[in-house]
Every structure is written in C-alpha cells, then in structure tokens.
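S.K.: Shown below is the structure under consideration.
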C-alpha cells in the first residue's frame, strides 16, 4: 500500500522526469520530428509502438518512496516517448506490484498495453495467479497473457483460449526467457492459435532467425523480443568504440539504439522489451522508437561492423 507521502514524492518524481525528458529531448525522436515506428499485430492489425518495456529484475524493488519515485520517472519517460507495451510476470518478484503502484499514483492514466504471464502448474492455480497479477498491476483486463517458459502450457492455453473467447483477455501467447526448449516452443507455435510469441534475439544471439522468426511470420504470430542487449554483454564489446557513420543514417545516437534498430530491421519483429530502471537508459532506448529502420543492405553492414568490434 502506498502512503500519501509516497504519492506526493512520486508526483514530484514524475514532474522531474518530464523536465529531464524535455532537456534530453534535443533528440528529434522526443520532439516529434521523426516518425513513430509501429508494427501490426498480425491477428488483428492493431498497431503497436515497436519499443516496449520489460520489468525483469529492474522493477523488482521494495515499495519505498525513493524506489517508487525513480520508477515513476522511468515510466513517464517511456510514456512520453510513445511507449505503450509493458511486459511483466509473477516470476519477476515485486515487478508487477511496482508497475501497479506507479500507475495508480499517476494523475492521468496513460495509454497502456498491459502484458503479463502465467507461471505455475494447475488450472485453478493459473487462474488465481492471473487474477492476482491483474490486482498487482492495476489492470482490469490484460491486453496479453502468455504462458511463461511453457510451464504447464496445455492447461494454461486452454484457460486462456476460453478467456479470450469471453473477452477476459485480448491476446494470448507463449514465452521463453532462457533460449532453451526451442523444439517444443516451435511445436506450440505451429499447432496453437497464438497471437504472440516472446523469445530472445539480438545482434549477437541470432538463433531466432533460423526458425522462430520465420515460423512467426508464416503463422501470423506477433513477436516480442527480450534480452535485446544480451543482458548488457553487447556493451562490453562496443564500450569505448566510436559509433559508425551508418548510425546517423538510421537516426541512432548511441550503441544501444544501434543494437535495437538492428533487431527492428527484421520484418518479423513486432516489439522489443528492454528492461531498465535507469531514466537515462530509458530515454536512450525510446529514441529507437522513432526514425528510420535499416534496409537489408544496411542490416548486413551493421552486422559486419559489430563483428569487427
């Protein structure tokens, strides 16, 4: 439960985030001079901003005023730059609760595409967990619920298909956060009526290019990409390296944006969900929500430049 003094501090943090967003907003992306990049959800045609937000680890904090004020600034920067997709999971500790705490304290509710996962065994346990996730995230109806890491996926997909038919959830899907079990993952993608599939993909780990992304394109499944920075490992390669001239052609002003734009260059990618609790990192990530997307030749050049680092 957030106390009144926490709400006041969150509001102050929100205003500070807006102010910093403007100061950091010399980027055309933040000033509306570049076009917002959106991709359709194949099953409906609904357009989503390509840059979403993950909450693994980063939002697993205590409910103290300092943490809440910081997370409020991060979320305000996300929404101010056109973001809507927030992804969480019961697996992420307090993350769902912290998202809900911040959303409840905001004076105006932003446009939100709320996504979470079911991560347990048993039908009733799954239902109870999803209902608890809605309370924690302050969501009346989730836009997307996915079966996390295929845990008891037959049971939970059966529930989710019923919920979707009844209007209790808009989209359903499956996820893998560790990159394993691709064989079973592909089997589910090929046999079940999924709206979304979430998995890892980045400029260094391109395993998804072999089958996951092609099957998603073939089956009309939206893709949500996690670990776009290989949990930060990509920056160890580019740290101290000058950003290549190609980056400017793609409206990138940082290596982070460079890595995100590489992912977006794949036509089967719908949305990317980097996780951060840093305001500066969020502002930087969201600049990749705008501007030009690499063509096939530019994408090949990006890969060549990365492999030379």
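Bear in mind that the values in this text are calculations on the coordinates, not laboratory data. Here the structure is a predicted model, which is why all the values come from computation and not from measurement. Methodologically, a virtual Cβ is constructed for each residue, glycine included, from the backbone with ideal geometry; neighbour enumeration extends over all protein chains shown.
S.K.: When only Cα pairs under 8 Å and 6 or more residues apart are kept, what is the percent relative contact order across the chain?
M.R.: Value for the chain: 21 percent.
S.K.: Right, another one. Tell me what the chain gives for mean residue ellipticity at 222 nm when only DSSP H runs of n ≥ 4 count, each as -39,500 (n - 2.57), the sum divided by the residue total, rounded to 500 deg cm²/dmol.
M.R.: -13000 deg cm²/dmol
S.K.: At a Förster distance of 45 Å, what's the computed FRET efficiency of residue 278 paired with residue 190, Cβ-Cβ distance as r, to 0.05?
M.R.: 0.70
S.K.: Using a Gaussian network model on the chain with a 10 Å cutoff between Cα atoms, which of 188, 74, 147 fluctuates the most?
M.R.: Looking only at 188, 74, 147, the biggest GNM fluctuation is shown by 188.
S.K.: With each label point set 7 Å from Cα along the Cα-Cβ vector, what nm distance links residue 204 and residue 123?
M.R.: My value for the distance between the label points is 4.4 nm.
S.K.: Estimate the FRET efficiency between residue 249 and residue 36 by the formula 1/(1 + (r/R0)^6), using the beta-carbon distance for r and 22 Å for R0, to the nearest 0.05.
M.R.: The formula returns an efficiency of 0.70 here.
S.K.: Among 64, 205, what is the fewest-to-most ranking by other Cβ atoms within 10 Å?
M.R.: Sorted ascending by nearby Cβ count, the order is 64, 205.
S.K.: Could you put 145, 225 in order, starting from the residue whose Cβ has the fewest other Cβ atoms within 10 Å?
M.R.: 225, 145
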